[in-house]
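*Asks:* Have a look at this one.
Just so you know, all these numbers are worked out from the coordinates, no wet-lab data involved. Since we're looking at a predicted model, the values are computed, not measured. Neighbour counts are summed over all protein chains in view; Cβ atoms, including those assigned to glycine, are modelled from backbone coordinates with ideal geometry.
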Amino acid sequence: NAAQHEMVIRGKMHGFMRMYWAKKILEWTPNAATAFDIALRLNDKYELDGRDPNGFVGVAWSIYGVHDMGWTERSVFGKVRYMNYAGCKRKFNIAAYVSKVRKLVTA
């Protein structure tokens, strides 16, 4: 929720969170094509790089693994790099991020 709030309010989502956000859309939809359509539509509407090659490739990297190496195959993701909450916590200060976005939302 924090990532989408940041995207709507600021017009930009932290890059690491955008990867995680798009991968969650992939996890929650029936297939990669649907996930890509939803993520790209939201990216194009709310992100400053919407309708830009950088935004397109960012979404394609997260969902299709464009420009990334193949990873161990797993359900839903295939060989696309997987991200989960535990990995997010190790590499990103989630509490600080949520707090920062919460301040933006209530400002």
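*Asks:* Using the Karplus curve 6.51 cos²θ - 1.76 cosθ + 1.60 with θ = phi - 60°, what ³J(HN,Hα) values do you get for each residue of the stretch 96-106, in whole Hz, with x for Gly and Pro?
*Replies:* 5, 5, 4, 4, 4, 5, 4, 5, 5, 5, 8
*Asks:* Moving on to the next point. What does the charge count around Trp71 come to, taking other residues whose C-beta lies under 13 Å from its C-beta (Lys +1, Arg +1, Asp -1, Glu -1)?
*Replies:* Overall, the nearby charge balance is +2.
*Asks:* Quote the charge dipole size of the chain about the Cα centre in Debye, to the nearest 20; the model charges only the Cβ of Lys and Arg (+1) and of Asp and Glu (-1).
*Replies:* For this selection, approximately 480 debye.
*Asks:* Put +1 on the Cβ of each Lys and Arg and -1 on the Cβ of each Asp and Glu in the chain; which of Asn54, Met17, Trp71 then has its Cα farthest toward the positive end of the dipole?
*Replies:* Met17
*Asks:* With the crude spin-label approximation of a point 7 Å out along Cα→Cβ, what separation in nm comes out for Cys88 versus Arg51?
*Replies:* Placing both labels 7 Å beyond Cα along the Cβ direction yields 2.9 nm.
*Asks:* Give the calculated FRET efficiency between His5 and Trp71 to the nearest 0.05, with a Förster radius of 41 Å applied to their Cβ-Cβ distance. Don't skip to the answer; put the middle values down first.
*Replies:* Working: r = 29 Å, r/R0 = 0.72.
FRET efficiency, His5 to Trp71: 0.90.
*Asks:* Contour minus end-to-end for Lys79 and Val98, with contour as 0.36 nm per residue of separation and end-to-end as the Cα-Cα distance?
*Replies:* Stretched fully, the Lys79-Val98 segment lengthens by 3.9 nm.
*Asks:* Hey, rough spin-label estimate for Ala107 and Lys12, points 7 angstrom out along Cα→Cβ, what's it come to in nanometres?
*Replies:* Each label point is offset 7 Å from its Cα along the Cβ direction, giving 1.3 nm.
*Asks:* I want to check a number: in the chain, how many lysine pairs have alpha carbons closer than 27 Å, given a sequence separation of 8 or more or different chains?
*Replies:* 27
*Asks:* Same structure, new question: For the chain, what's the relative contact order in percent, using C-alpha pairs closer than 8 Å and at least 6 residues apart?
*Replies:* Here the relative contact order equals 28 percent.
*Asks:* Could you work out the relative contact order of the stretch 1-47, using alpha carbon pairs under 8 angstrom and six or more residues apart, expressed as a whole percent? Don't jump to the answer; show the numbers that get you there.
*Replies:* On the way: 29 pairs, mean separation 18.6, N = 47.
Dividing the mean separation by the residue count of the stretch 1-47 yields 40 percent.
*Asks:* Compactness ratio of the chain: Cα Rg over 2.2 N^0.38 Å, N = residue count?
*Replies:* 1.06
*Asks:* Right, something else. Using Cα centres only, tell me the gap between the stretch 7-30 and the stretch 52-91 in whole Å.
*Replies:* When both Cα centres are located, 11 Å separates them.
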